[in-house]
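Visitor: The structure is given below, and queries will be raised subsequently.
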Amino acid sequence: MPLLEIKDLTLEFGVGTERTRAIDGVTLSVSAGEVVCLAGESGCGKTVTALSVARLVPTPPAYYPRGQILLDGLEVLRLSRRELRQIRGRVVGYVFQEPASALNPVRRVGAQIQESLRWHRPEAATEAEVIRLLRLVGIPAPEVRARDYPHTLSGGMQQRVMIAMAIAAQPRLLVADEPTTALDVTLQAQILELLRELKQQFQMSLLLITHHLGVVREIADRVAVMYAGQIVELAPARALLQRPLHPYTRALKEAVPRLGASAPRLTSIPGAVPGVGAGPPGCRFHPRCAWAQADCSTRVPELAEVEPGRLVRCPYWNRPLPERLSQVARPL
Amino acid sequence: MTLLEVRQLQVHFPVRRGRFQRVIGLVRAVEEVSFELASGETLGVVGESGCGKTTLGRAVVRLLKPTAGQVVFEGEDITVMEGAALRSRRRQFQIMFQDPQGSLDPRLTVEDVVGEALDLHRLVPNRGARRARVEGLLKAVGLRPEHAWRYPHEFSGGQRQRIGIARALAVEPKLIVCDEPVSALDVSVQAQIVNLLRDLQQERGLAYLFIAHDLAVVEHVSRRLLVMYLGRVVETGEARAVVQAPKHPYTQALVTAVPAVDAGSNPKRWLWPGEMPSPLSPPAGCAFHPRCPRAEARCRTELPALREIAPGHRVACHLA
């Protein structure tokens, strides 16, 4: 049984007729020790999906009309607040994108880690354990750094503190939401390496949210690509990057500028990501799709298994490619 | 023809503390940076946060006053120019910013955002002419004329960045400093903006100083590159040469750190220790030596000069 199972999860914001659907029927699982990436651009629903795992999206304004989240056998959407406190931290830990805003600016970092320990492992809430955790995440001179305030640390060090805090309770699943996006490329590599090591060492599962396909390639076993609230492609990471099947994934991969490529123009996707809940009818990607057929604007495609372990939400996934992926965007 | 020449530019910021705001230190944000930029050319500036690339861009368009050195635009020294004289020169060089949200006044319509510069430089005789100019500019950047009525919040990030470009273009400058123009955008939209900048350059013969932290993007748009570390240029040359055969260990690490998406390419990741030191107290000698795997004794004491190792390719490393 997988550690995390999300089934047909649907999330809406707002009340009455003023509802906006942010996630629409997401089904995804993470097994023990597995690294799964949720990839997609801003507004695709990847962050709210990840936050839903520990029910961190406030309800209201959010509301789950259908769906189920099974975390370690527990039905997260049915748990009481007390029960949620039991799983937050202990079963699932979080690392957020902006460590500077996620850390408390007026408390020393050591104290913040100790607080996490007091909640989840009171017997281990000692200074020695704090220092051990800081050392584990690769912070030099942890005895000194534990007494620092967050603002005196660099972005990379702050992110390490966040990770130390998240793993303090020894969660079985670590959810990292764009953990490297705010960091420089060289630090990004260091943090990904750290996550990989920790995962090995503690047999943790990892659910990683990213907009960067390069990060997917570095660390993921499987990847789900989201667009406008839906998963459009789900596949083993290597296969997906080698041969993306959904037109969106193909275009997304093409749009990443390559080092040393001598193409005079970058391949872009025309138009813009639709606003949350404002996806067009039919296939949500069809207005921007270079392969779009006549019925794409009316027929809602299903996420179907087209090869073992590969799911694609496009009935035309095996059509040959048009010569040029897409032209330069002209206005909407 | 040389459009812009920067000679030995220095920008230092004093750090003040205490009741009397005593100067307790100096952040050397830009140190001895020199380069030339021809009309219609793109020079890329790449480096990590804190390397001084943004300060350099701001000093070039004189949003900052350099501490030392010279900025020469079309043969005229603008380093210490002030007031009306500087304002009139500003028609020739414009800047666009990273955050399209924060750099557009939320209370102005797009017409006013773009048209403000036209008024300031008295480039249009009346409102009708202004409207026509703004509509033409919006079309040039891929927006619709009726967008002129709207407010910045009604647009997506990519569209806002197009507005930023239209505003910079309004006064028909010869140079645009692009400070991280695409790093706040989604990948699919990023490519649109990069292509748009390229088209505009070809149509109008613009020169760009293109500042970004993403080496792949910078290499894509630039003919020549400037790699900065802790305020200094560590490597400069033809973009392709620098990326394919980087000579400075920092550039080499930067090249390998770019996460590739192509499954075929093998990531020979060079995981380097540590982080960029504080520009308040840069290390002695070569600023990169504490992180450099090849550092020798003299790297710790002697500042390497930027020397030419191949035609047009210069590196500041003792070992290159």
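Visitor: Computed over the Cα atoms of segment A:101-170, what is the ratio Rg over Rh, Rh following Kirkwood? Write down the numbers at each step before the final one.
Guide: Working: Rg = 10.6 Å, Rh = 11.5 Å.
When Rh is taken as the Kirkwood radius, the ratio is 0.92.
Visitor: Set the Förster distance to 45 Å, then compute FRET efficiency between A:His151 and A:Ala292 from the Cβ-Cβ distance, nearest 0.05.
Guide: On the way: r = 49 Å, r/R0 = 1.10.
Between A:His151 and A:Ala292 the formula returns 0.35.
Visitor: Using the Karplus curve 6.51 cos²θ - 1.76 cosθ + 1.60 with θ = phi - 60°, what ³J(HN,Hα) values do you get for each residue of segment B:139-146, in whole Hz, with x for Gly and Pro?
Guide: Those phi angles translate into 5, 4, 9, x, 10, 9, x, 5 Hz.
Visitor: Moving to a separate point now. Can you check what the net charge comes to around B:Pro14, using other residues whose Cβ is under 12 Å from the Cβ of B:Pro14 (Lys, Arg +1; Asp, Glu -1)? Each step should come with its number before you reach the end.
Guide: On the way: positive: B:Arg16, B:Arg17, B:Arg22, B:Arg28; negative: none.
My count for the surroundings of B:Pro14 gives +4.
Visitor: Averaged over peptide B:250-262, how many Cβ atoms belonging to another chain are found within 10 Å of each residue's Cβ? Intermediate values should be presented prior to the final figure.
Guide: Numbers: counts 1, 0, 0, 3, 4, 3, 4, 7, 9, 15, 8, 15, 9.
Neighbouring Cβ atoms belonging to other protein chains average 6 per residue here.
Visitor: Principal axis extents for segment A:63-145, Cα atoms only, whole Å, descending order, please.
Guide: 49, 30, 22
Visitor: Percentage of Cα-Cα pair distances in chain A greater than 39 Å, rounded to whole percent?
Guide: Working: 9160 of 54946 pairs.
Taking all Cα-Cα pairs of chain A, the fraction more than 39 Å apart is 17 percent.
Visitor: Could you state the orientation-averaged shadow area of the convex hull built on the Cα atoms of segment A:59-200, in nm² to one decimal?
Guide: On the way: hull surface 38.7 nm².
It is 9.7 nm².
Visitor: Enter the per residue convex hull volume of segment B:113-228, computed from alpha-carbon coordinates, in Å³ rounded to the nearest integer. Each step should come with its number before you reach the end.
Guide: Numbers: hull volume 12.8 nm³, N = 116.
Looking at segment B:113-228, the number lands at 110 Å³ per residue.
Visitor: Could you derive backbone 3J(HN,Hα) for segment B:153-164 from the dihedral phi with the Karplus parameters 6.51, -1.76 and 1.60 (θ = phi - 60°), listing whole Hz in sequence and x where the residue is Gly or Pro?
Guide: Each residue's phi maps through the Karplus curve to give 5, 7, 10, 7, x, x, 5, 5, 5, 5, 5, x Hz.
Visitor: Still on this structure, I have one more. Arrange B:Met1, B:Met228, A:Met204 by Cβ neighbour counts within 10 Å, fewest through most, would you? Intermediate results must be reported in sequence, preceding the final value.
Guide: Numbers: B:Met1 7, B:Met228 25, A:Met204 22.
Fewest-to-most Cβ neighbours within 10 Å comes out as B:Met1, A:Met204, B:Met228.
Visitor: A follow-up question, please. Out of segment B:3-76, which chymotrypsin sites (Phe, Trp or Tyr not before Pro) are coil in DSSP terms and have no more than 13 other C-beta atoms within 10 Å? It would help to have the intermediate numbers written out before the result.
Guide: Values: sites: B:Phe20, B:Phe35, B:Phe73; in loops: B:Phe20.
Taking segment B:3-76 and a limit of 13 other Cβ atoms within 10 Å, the loop chymotrypsin sites (Phe, Trp or Tyr not before Pro) found are B:Phe20.
Visitor: For each pair in B:Lys139/B:Lys174; A:Lys199/B:Lys53; A:Lys253/B:Lys139, compute the distance between the two Cα atoms and list the pairs where it is over 26 Å. The partial results should precede the final answer.
Guide: Details: B:Lys139/B:Lys174 20 Å; A:Lys199/B:Lys53 36 Å; A:Lys253/B:Lys139 29 Å.
Table pairs above 26 Å Cα-Cα are A:Lys199/B:Lys53; A:Lys253/B:Lys139.
Visitor: On to the next question. So how far apart, in nm, are the two label points at A:Val106 and B:Glu146 if each is 7 Å from Cα heading toward Cβ?
Guide: 5.1 nm
Visitor: Once a ≥ b ≥ c are taken as the square roots of the eigenvalues of the Cα gyration tensor of chain B, is the result rounded (a/c under 1.5), prolate (a/b larger than b/c) or oblate (a/b not larger than b/c)?
Guide: On the way: a/c = 1.92, a/b = 1.51, b/c = 1.27.
Cα axes put chain B in the prolate bin.
Visitor: Just to confirm the filter: which chymotrypsin sites (Phe, Trp or Tyr not before Pro) across segment B:163-272 are DSSP coil and have at most 12 other Cβ within 10 angstrom of their Cβ?
Guide: Working: sites: B:Tyr208, B:Phe210, B:Tyr229, B:Tyr250, B:Trp270; in loops: B:Trp270.
In loop regions of segment B:163-272 (DSSP not H, G, I, E or B), there are no sparsely surrounded chymotrypsin sites (Phe, Trp or Tyr not before Pro).
Visitor: Label-point separation (nm) for B:Arg298 and B:Glu154, each offset 7 Å from Cα along Cα-to-Cβ?
Guide: Going by the 7 Å Cα→Cβ label model, 6.5 nm.
Visitor: Please compute the modelled spin-label separation between A:Glu83 and B:Met1, points set 7 Å along Cα→Cβ, answer in nm with one decimal.
Guide: Result for the modelled spin labels: 7.7 nm.
Visitor: Set the Förster distance to 41 Å, then compute FRET efficiency between A:Glu129 and B:Ser281 from the Cβ-Cβ distance, nearest 0.05. Mind dumping the intermediate values first?
Guide: Values: r = 33 Å, r/R0 = 0.80.
So, using R0 = 41 Å, E works out to roughly 0.80.
Visitor: Please give me the summed charge of the neighbours of A:Lys199: other residues whose Cβ is under 13 Å from its Cβ, Lys and Arg +1, Asp and Glu -1.
Guide: Details: positive: A:Arg172, A:Arg196; negative: A:Glu34, A:Glu193, A:Glu197, A:Glu218, A:Asp221.
It works out to a net charge of -3.
Visitor: So if we plug the beta-carbon distance of B:Ala68 and A:Glu98 into 1/(1 + (r/R0)^6) with R0 = 41 Å, what FRET efficiency do we get, rounded to 0.05?
Guide: Working: r = 36 Å, r/R0 = 0.88.
Efficiency at R0 = 41 Å is approximately 0.70.
Visitor: How large are Rg and Dmax for segment B:206-320 when only the alpha carbon atoms are used, in Å?
Guide: Cα only, segment B:206-320: 14.5, 45 Å (Rg, Dmax).
Visitor: Beyond 17 Å, what share of the Cα-Cα pairs of segment B:112-159 is found? Please give it as a whole percent. Don't jump to the answer; show the numbers that get you there.
Guide: Details: 357 of 1128 pairs.
Value for segment B:112-159 (Cα pairs over 17 Å): 32 percent.
Visitor: Rounded, prolate or oblate: pick one for the protein assembly as shown, where a ≥ b ≥ c are the square roots of the eigenvalues of its C-alpha gyration tensor, a/c under 1.5 means rounded, and failing that, prolate if a/b is larger than b/c, else oblate. Mind dumping the intermediate values first?
Guide: Values: a/c = 1.69, a/b = 1.20, b/c = 1.41.
Oblate, because a/c is 1.5 or more while a/b does not exceed b/c.
Visitor: Based on the Cα atoms of segment A:1-72, what semi-axes does the equivalent ellipsoid have, where each is the square root of 5 times one gyration tensor eigenvalue, given in whole Å with the largest first?
Guide: Values: eigenvalues 102, 35, 19 Å².
Those come to 23, 13, 10 Å.
The numbers here are math on the coordinates, done by the rules we state, and not lab data. Model, not experiment: these values are computed from the prediction. Heads up, the Cβs are rebuilt from the backbone with ideal geometry, glycines too, and the neighbour counts pull from every protein chain shown.
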